[in-house]
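Trainee: If you scroll down you'll find the structure; I have some questions about it.
The values are calculated or read from the model by the stated rules, or taken from the named source; none is laboratory data. Just so we're clear, the structure is a prediction, and the values are computed from it rather than from any experiment. Because the Cβ atoms are built from the backbone with ideal geometry, glycine has one as well, and the counts that use them run over all protein chains shown. The area values use the complete protein model at the heavy-atom level, side chains included, leaving out ligands, DNA and RNA. Shrake-Rupley method; radii C 1.70, N 1.55, O 1.52, S 1.80 Å.
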Amino acid sequence: MTRRSAAGVRRSSTAANVYIGAVIAVAVAALVLSWRIAGPPTDLVALITLTGLGILGVRLREPDVGSRIAFSFISIVLIACNVLVGPTGCAIVGGVALAFEPGRPPRVRAFNVAMTSIFGVTGAWAYILAGGSTQLSDLHGAGELLVHVGLPLLVADVAQMLVNALLLSGVVRLNSGVPFRRFFVQIVSNSGIAYIGYGVIGFLFVILWGPADVGPFSAVLILAPLFVARWAFVQFGDEQRAHERTLSALVAAVETKDSNAAGHSARIAELAEWMSEPLSMGTQEVQALRYAAMLHDVGKIGVPTRVLRRPRTLSLVDLEALTRHSSLGVKLVRDIDFLSGSLDGIRHHHERWDGLGYPDSLAGDEIPLISRVIAVADAFDALTTDRAERPAFSPAQALKQIEQRRGRQFDPHVVAALATVVDRHDWPVTTASEEQLDQMRGYLDHDDPIAWEKVWTAAPRSGQIVQDPEPATRRARRRRVDGIRDDPRRIPDESAVAEQVRAP
């Protein structure tokens, strides 16, 4: 199966090339104007030292030390440049350092050089306009250093972060169609705390260099601990990648057994992670969600192949075998330590908000949040995937189907989060060739709420698939459902939920 954008094709890169050219022109203009207004950097020792540190920081950058984490100290160097070498020096250090960035195509390298020069110059001028001092020898005492160096550096730090986010959001919008606002907010929210840390370390760097009169050796005192931290982060990244390989092996085993679900787990993990943002989930919870989403169907390994691939004339025994896959999945992975936080997500991703799901008939907020997120993502991906009996729904059509079931099958808050994600992201539908469609005729996609409801509805008439629950079980479930419906706290007003989740 292949994924096809709702727009059909990726946006042309022509506009992105024009944008990159404009960014390069602005960088050159900023360098020339800074040279004419502020003059060239006068401290050549500082310029050479900081340029060398910048190159070293770029060359030793670790881009992947785990989910959404990268490690580099080039920003610390640029913060120090604001004080030690001025606007022109900042442009030179940033541009030269990024010119040595490894493994980048010329087009990307040119943009990164220009962008770094621009936000370096921006930070330096912000520092000056905020009253920052470049004559460190004239400052005495912690109070003067804080007022005339620390606070202006904070202003410069924020300015650099915002310019970096603006320039990156523009090129990503033009090159890949990602909404500008969404990408900008994502960068600021993900890197804001990191930039505060960069600013503090940069301030200490400047204090050691100037008032403490340590000079270039301050680079060793500041950056040596960062190299140790980098080593620790790399080890953490290696461990995370080992985890990902373990997950990939398990997912491959599932997709080998159920070839009609190829790529499904990876798509659910991506969609669930997107949905975690409007739901304000924490870092650890997002990681547990991602792992659970990737492995939510791992229990299919224990389901007979004939049940996964045969036509829909399933017996009650067959259906029971299929519905056991969520609890089987937990049994398969419960001894893997790093998945301990994901077990509930795997077990309960087929529970329903109204209590009529499986395996434990949980209802409402008794269902773990990560399970509720996976349930919605699972159904949405199933609806936007080609099947033999129907073409894939568009994202808007699939969302409408999901919204019709909120408050019954799905958590209204999570459905509202999905609506936010669909509005922000370009979700591609998953298409299948004629040969693939022919092979999947009769295949029951148990994640498709429409297909599953048809099976459930047909059961009492034909007796082939499922029977009504035993009276005691049915009464217990009905009490649970009535309890939810009668308690206004359990199902919030849908319009209020939508507004709450959609709010920036």
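Trainee: Sequence-distant or interchain residues sharing an amide H contact under 5 Å with Phe410, placed H: which?
Mentor: Placed amide hydrogens put Trp353 under 5 Å from Phe410.
Trainee: Determine the share of the range 360-445's accessible area contributed by carbon and sulfur atoms, expressed in whole percent, with a 1.4 angstrom probe.
Mentor: The C+S portion of the solvent-accessible surface of the range 360-445 is 44 percent.
Trainee: Right, another one. Mind giving me the nanometre distance, one decimal, between the label points for Gln397 and Arg245, set 7 Å out from Cα along Cα→Cβ?
Mentor: So the two model labels end up 4.2 nm from each other.
Trainee: Right, next: Among residues other than Pro368 whose Cβ falls under 14 Å from its Cβ, what is the net charge (Lys/Arg +1, Asp/Glu -1)?
Mentor: Residues close to Pro368 contribute a combined charge of -4.
Trainee: Per residue of the range 379-393, in order, report the coupling 6.51 cos²θ - 1.76 cosθ + 1.60 (Karplus, θ = phi - 60°) as ³J(HN,Hα) in whole Hz, putting x for Gly and Pro.
Mentor: Whole-Hz 3J(HN,Hα) from phi for the range 379-393: 5, 5, 5, 4, 5, 8, 10, 4, 10, 4, 8, 6, x, 4, 6.
Trainee: Residue by residue, what Karplus-based ³J(HN,Hα) values in Hz, rounded to whole numbers, does the range 408-420 have, using 6.51, -1.76 and 1.60 with θ = phi - 60° and x for Gly and Pro?
Mentor: Rounded to whole hertz, the list is 10, 8, 10, 5, x, 4, 5, 4, 5, 5, 4, 4, 5.
Trainee: Then there is this: Over the residues of the range 147-209, compute the C-alpha Rg and express it relative to 2.2 N^0.38 Å.
Mentor: It is 1.33.
Trainee: Then there's this: Using r as the Cβ-Cβ distance of Val18 and Thr431, and R0 as 22 Å, what FRET efficiency do you calculate, to the nearest 0.05?
Mentor: Efficiency at R0 = 22 Å is approximately 0.10.
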